[in-house]
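The values are calculated or read from the model by the stated rules, or taken from the named source; none is laboratory data. Computed from a predicted model, the values in this text were never measured in an experiment. A quick note on method: Cβ atoms are made from the backbone with ideal geometry, for glycine too, and the neighbour counts reach across all protein chains shown. The area values use the complete protein model at the heavy-atom level, side chains included, leaving out ligands, DNA and RNA. Shrake-Rupley method; radii C 1.70, N 1.55, O 1.52, S 1.80 Å.
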Amino acid sequence: MFRKHSKKSLQTILFYRFLAISAVLLLVISIIVYMIQYSRLYKNMENDILRTTTTIGDSIDLQISQMDNICLNVINSTTVKSTFSLWSQDRDDSSYERSRHQNALTNALVSIRGVDSSVRQVNIYPMEGRGYGVGNYYGILSVQTEKLPWYESAVEKNGYRYISSLAHPLLSQKAGTSTDRLYLSLYRMYFDNYHNPMGFVEIAKYYDELFADAINPKTESPIDVTVYDSDGNQVYPHLAKDSPKVFDYYAALKENTSLNGHTRLYNSQKSQKEYISFSRLDYCGFTVVCSVRNIDFFLPILKSLMWIPLLAFSLFIICYFVAGFLSRKLAKPLTEMHQFLSDTDSSEQFRLIHLDDSGIVEIDRLRDSLNASIKAREAATDSLLVMKEQEIQAQMLALQAQMNPHFLYNSLNTISAMAEEGMTEEVSGMCQDITSILRYISSDKESVSTVEEELEHCDLYLQCMKKRFKDSFTYEFDIADDLLDMKIPKLCIQLLIENSVKFTSRTAPPWHIRVEGYIDDGQWLITVKDNGPGFDPEVDKHLRSQMDEILKYSVLPSLELDGMGILNIFIRFYLLFGKAFLFQFGNLPERGSFVIVGGRFHEEDQTL
């Protein structure tokens, strides 16, 4: 089965549409800005690590070249080589000549070392025997040259520089003793004029000074620095004999031939992926490797980008309130117009929509169109009401016109009877009264009159009947003063009285007619009573059925002259008041009949 979607208000639809559009735009813009900033920060991070790697490499290369220059200066110094040769040939440490040669050698080495405080030690060795050094330690070296660990490697280089991959303490004069601070040395073998090996020159430098930039890299990235020599041996950090196995970056980089200065490798020792930046030094042949854990590489970037989602969220909150404001602004006039059109309880049927300009052309045009439609409907309704009023007026006048022959018929019958009885004076007076009554009932200016005016002419008519029937006929009025100025259909009481006289006079006298008028529970009531024979059951049934059809179908029947009074009055009340009136008739318990007419009483203007 298909499920019907629940209906939503215009404000809700606009709110969610605005919010959705804002969210999509913010998301797209945030993603674009995020990617641009991410790319920029990623590149900056890479450049920073590459720059740090290059800076560390350049520093190491520069210091190695300085050490090598001093080493070459020593080798190329004829004074040093000749003095060291004489000193090493004299085996007597206490001889004057050996002491003199030693002082000359010291002065020559110190002169070559110069003011470069970064080079901490200069040593010169014969091919066999003990060497001599100046710097942090001055004097004869305690170990035989051929027993030193670097000896064979330096011989293999055959005069080329050799840099020990192992940091070492500085040798002292006493065998087996050394300093605590580590050094890194550069070695070269030197020759005589016939290219015969004569010995070695060692230039030593503080290990921590040589790798100062590697120990404290000038970068905010948490990088680890590793330095390898040209053979792939780790130079930095220093590896002691009992040091645990470390990851060999040099081997991993050597396997990958497509490297261009940076890559990502998986460090199996740390079980993590790392960003690798490396630089191969031109002078000394070292390889500097800077490694950063992936999390340490990306975390600063992500932290630097946190402002983008925070800004996007802040803008979304702003868009939330803006969407609410705009949806209310757009939906409010439409909602007010809908409520206005749905208000069926308003007493003012054709009231206009009073809304300020919304600034939205379509909504303002809709308001103006609705007001124009309401005005057009009001004009059309007014026209219909005028036409309806004119129609009712015509019907009322037609019914009223039907009263004239009815009254004349009854009056002429009465005058004829009085003439036969020789009541000439009474006939004359009655003709004058009938003339006044006819003037009143034949006036077609208005279809309504006041109760007081109606009763005045009813009294004239009853006086005529009194002249005819003498003491056999009596009548009385009992009307509340509040009813005298109230408007009622013209001739409604007159016709009721005529019917009562007509049917009452058919029975044995005395005959009596009573007219009552009063206000009861907010309703005005006028009752005409007589002591005649009352309503015939068939006539009663016929009248009630006709009245029910009029109320049900709003179709007015054609009226005959004879017996038209009751129905005529009912129709006139119906035309004038619709269904909002009271009309009752029937027989009194003791004798006679009654007819009651009435409606709502409005005290403020004493009108129906």
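Here is how the numbers come out for the structure above:
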{"read-out": "Scope region 50-93; condition in a helix (DSSP H, G or I) and basic (K, R); matching residues", "value": "R51, K81"}
{"read-out": "Some residue of region 20-37 being β-branched (V, I, T), assigned to a helix (DSSP H, G or I) and in contact with a Ser or Thr (Cβ under 7 Å, 6 or more places away or on another chain)", "value": "no"}
{"read-out": "Odd one out for T435, checked against (1) open to solvent by 10 Å² or more (accessible area, probe 1.4 Å); (2) under 24 Å from F535 (Cβ atoms); (3) of a type in the set (S, T, Y)", "value": "(2)"}
{"read-out": "Residue selected from region 340-370 under the condition at pLDDT below 75, acidic (D, E) and under 18 Å from L326 (Cβ atoms), by the criterion least open to solvent (accessible area, probe 1.4 Å)", "value": "D357"}
{"read-out": "Residue within region 177-184 that is of a type in the set (S, T, N, Q), assigned to a strand (DSSP E or B) and within 30 Å of K303 (Cβ to Cβ) present", "value": "no"}
{"read-out": "Tabulated pairs, region 578-599, first without any contact (Cβ under 8 Å) to a residue 40 or more places away in the chain and under 16 Å from V539 (Cα atoms), second of a type in the set (V, I, T) and surrounded by fewer than 19 Cβ atoms within 10 Å (Cβ to Cβ), C-beta under 6 angstrom, 6+ apart or interchain", "value": "Q584/I596"}
{"read-out": "Residue in region 195-216 that is over 21 Å from Y138 (Cβ atoms) and part of a strand (DSSP E or B) present", "value": "yes"}
{"read-out": "Filtered residue count, region 506-534, keeping only those that are crowded, with 17+ Cβ neighbours inside 10 Å and farther than 27 Å from M486 by Cβ", "value": "4"}
{"read-out": "Total residues in region 284-314, condition touching a residue at least 24 places away in the same chain (Cβ under 8 Å), open to solvent by 80 Å² or more (accessible area, probe 1.4 Å) and among the aromatic types (F, W, Y)", "value": "0"}
{"read-out": "Residues within region 464-477 that are modelled with pLDDT under 85 and open to solvent by 10 Å² or more (accessible area, probe 1.4 Å), tallied", "value": "5"}
{"read-out": "Condition broken by C290, with the remaining ones in (1) part of a strand (DSSP E or B); (2) modelled with pLDDT under 90 satisfied", "value": "(2)"}
{"read-out": "Any hit, region 182-189, residues being open to solvent by less than 10 Å² (accessible area, probe 1.4 Å), of a type in the set (S, T, Y) and out of contact with any helix residue (DSSP H, G or I) (no Cβ under 7 Å at 6 or more places or on another chain)", "value": "yes"}
{"read-out": "Whichever residue in region 4-19 is part of a helix (DSSP H, G or I) and among the hydroxyl-bearing types (S, T, Y) and, among such residues, is surrounded by the most Cβ atoms within 10 Å (Cβ to Cβ)", "value": "Y16"}
{"read-out": "Residue identified as at pLDDT 80 or above and of a type outside the set (D, E, K, R) among S558, S545, S554", "value": "S545"}
{"read-out": "Yes/no for A251 being touching a strand residue (DSSP E or B) at 6+ places or on another chain (Cβ under 7 Å) and outside any loop (DSSP other than H, G, I, E, B)", "value": "no"}
{"read-out": "Search result, residues across region 259-283 that are in contact with a helix residue (DSSP H, G or I) (Cβ under 6 Å, 6 or more places away or on another chain), open to solvent by 20 Å² or more (accessible area, probe 1.4 Å) and of a type in the set (S, T, N, Q)", "value": "S279"}
{"read-out": "Residue in region 222-234 that is assigned to a strand (DSSP E or B), farther than 23 Å from D296 by Cα and in contact (Cβ under 8 Å) with a residue 12 or more places away in the chain present", "value": "yes"}
{"read-out": "Residue that is least open to solvent (accessible area, probe 1.4 Å), among those in region 76-134 that are among the charged types (D, E, K, R), farther than 27 Å from D61 by Cα and modelled with pLDDT of 85 or more", "value": "K81"}
{"read-out": "Pair list, Cβ < 7 Å and 6+ apart or interchain, from region 317-341 residues that are farther than 24 Å from A372 by Cβ to residues that are among the small types (G, A, S) and modelled with pLDDT of 80 or more", "value": "C319/S22; A323/S22"}
{"read-out": "Residue in region 239-250 that is modelled with the lowest pLDDT, counting only those that are under 20 Å from N267 (Cβ atoms) and open to solvent by 40 Å² or more (accessible area, probe 1.4 Å)", "value": "S243"}
{"read-out": "Residue match in region 461-479 (condition: within 30 Å of A508 (Cβ to Cβ) and part of a loop (DSSP other than H, G, I, E, B))", "value": "no"}
{"read-out": "Tabulated pairs, region 469-495, first under 26 Å from M430 (Cβ atoms) and of a type in the set (G, A, S), second open to solvent by less than 30 Å² (accessible area, probe 1.4 Å) and part of a strand (DSSP E or B), C-beta under 9 angstrom, 6+ apart or interchain", "value": "S472/W511"}
